[in-house]
């Protein structure tokens with residue numbers, strides 16, 4: 001006990017002397033900005049051990065173990081936050097649709113979680129991360145090392161992973177399990193986005209089949225190409241396009257994918273009864289519970305701290321502070337701009353649903369570049385997102401793409417914008433070594449040229465094309481098996497009783513048919 005006390009005394013005295021001499025930039029040392037938090041003490045700050053005291057090797061081993069343990073805890077806890085976002089999605093989607101469909105909409109948001117998770121457990125995780133290689137922040141485990149690769153233009157193109165099925169064999173590892181949990185809840189976010197776009201007319205059995213497809217095949221393919229070591233992540237190494245397609249926390253992998261699926265499903269399933277007249281004019285269908293949607297939006301904004309900051313997979317990467325603040329700023333800017341735009345430019349009232357979607361749009365847009373941009377860049381990205389979400393809602397509505405909750409505009413449009421913004425606003429202070437490329441990530445506006453932007457553009461276009469094709473195929477398969485669209489009479493009555501057998505609001509008499517505008 002005495003030598004531990006002596007050792008602690010040595011540490012404190014050593015740290016005090018170093019601070020006086022200016023030889024170390026400890027937690028409070030130095031006057032130079034440290035955006036990555038890396039200059040907060042090194043092994044050189046520890047005095048040499050005396051006989052009987054722990055050696056530097058022993059201390060180093062303990063520190064190394066604790067560092068990895070901190071990263072594990074950070075990854076798991078932020079994963080729990082992302083899982084809670086499912087409650088936010090359920091409230092937003094149910095609030096923005098009609099009361100007669102509340103039970104059905106809630107049920108889809110609930111059931112997509114276990115369906116997608118079991119599909120991801122069965123094979124989705126293996127397809128996405130089976131070739132990812134060493135999991136550096138979680139101890140360096142490298143058992144997930146089998147990537148199906150083809151050679152094109154003399155370069156390797158990784159297509160799918162092939163280890164980790166059912167979390168057996170090499171994937172029965174603590175690091176692989178932590179990665180599975182964190183990535184599974186990301187997949188679940190993608191899975192739930194289309195439930196809002198196809199709400200109020202989607203057969204529940206059809207949704208159940210979709211829920212299985214999303215976790216097994218639809219999500220993991222593009223995810224592997226970006227996060228699993230696949231070909232998009234290697235555009236930098238193979239073709240000199242910056243650091244390859246970068247997506248820090250999921251603007252393309254999660255949100256753009258979900259938005260594209262939402263677009264294809266909403267297009268194929270058709271608009272809700274009464275939404276459009278024969279002359280193409282639009283009949284607005286009001287939300288039934290705006291307070292529910294607003295509370296759900298706050299839950300999503302809270303969970304987004306886990307979504308973005310957790311994507312470091314490292315609580316020891318102090319860039320998480322920059323990530324978290326950028327997330328707040330972009331979301332706030334998006335909410336304000338959407339409100340102002342729909343109010344002053346579009347000449348409508350400051351619609352609370354547009355406020356909510358504006359905030360969510362800013363969060364979606366900052367998800368890819370959150371670790372690479374300045375606070376000012378985050379604000380600009382959020383402001384643009386607020387405009388895009390409003391104009392996108394009007395754009396799709398005029399083309400008879402009926403999206404009850406604005407999922408296509410929030411997630412699809414701004415998922416694409418977030419990736420492109422990374423190629424423009426990355427300021428060159430973070431990202432050294434990402435995807436095997438030396439140097440920090442630098443966008444066009446900070447002297448990085450167009451290479452990173454072209455890598456982002458390639459990823460965005462790839463997601464739109466590939467995910468559209470997969471979505472079309474899956475939709476048609478489901479249509480053949482059970483049919484996607486519910487019968488008109490059930491749609492007019494509301495899906496709660498015909499589909500779920502229980503109303504969302506028991507004991508409340510609803511004038512269900514009056515909720516439907518009559519097409520002219």
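Angle check, please: helix 451-481 long axis (alpha carbons) against the longest principal axis of the chain (alpha carbons), in degrees 0 to 90, nearest 10. Around 40 degrees separate the two axes. Placing pseudo-labels 7 Å out from each Cα toward the beta carbon at residue 204 and residue 492 gives an inter-label distance of 2.2 nm. Relative to the current alpha-carbon distance between residue 476 and residue 438, full extension at 0.36 nm per residue lengthens the span by 9.2 nm.
Each residue, residue 290 and residue 506, gets one label point 7 Å from its Cα in the Cβ direction; the gap between the two is 3.0 nm. Which residues does the label zone of residue 69 cover in the range 293-337, counting backbone N under 18 Å from a point 7 Å along Cα→Cβ? Residues 314-317 fall inside that zone. The angle between the Cα long axis of helix 414-425 and the main principal axis of the chain comes to about 40°, on a 0 to 90 degree scale. Computed from the C-beta positions of residue 170 and residue 485, the FRET efficiency with R₀ = 35 Å rounds to 0.20. Per-residue ellipticity at 222 nm from helix content only, as computed over the chain with -39500 (n - 2.57) for each DSSP H run of at least four residues, stands at -18000 deg cm²/dmol.
Segment residue 80..residue 239, full-extension length gain: 53.5 nm, with 0.36 nm per residue of separation and the alpha-carbon distance subtracted. Sorted largest first, the principal axis extents computed over the alpha-carbon atoms of the range 369-520 equal 61, 34, 32 Å.
What distance in nm separates the two pseudo spin-label positions at residue 87 and residue 59, each 7 Å out from Cα along the beta-carbon direction? Computed distance between label sites residue 87 and residue 59 equals 4.4 nm. Relative to the dominant Cα principal axis of the chain, helix 320-340 is inclined by about 30°. Computed extension gain for residue 279 through residue 302, at 0.36 nm per residue and net of the alpha carbon distance, reaches 4.0 nm.
Any read-out appearing in this document is the output of simple, stated calculations on the displayed coordinates, not a laboratory observation. A quick note: this is a predicted structure, and the numbers were derived from the prediction, not measured. So basically every Cβ, Gly included, is an ideal-geometry build from the backbone, and we count neighbours across all protein chains shown.
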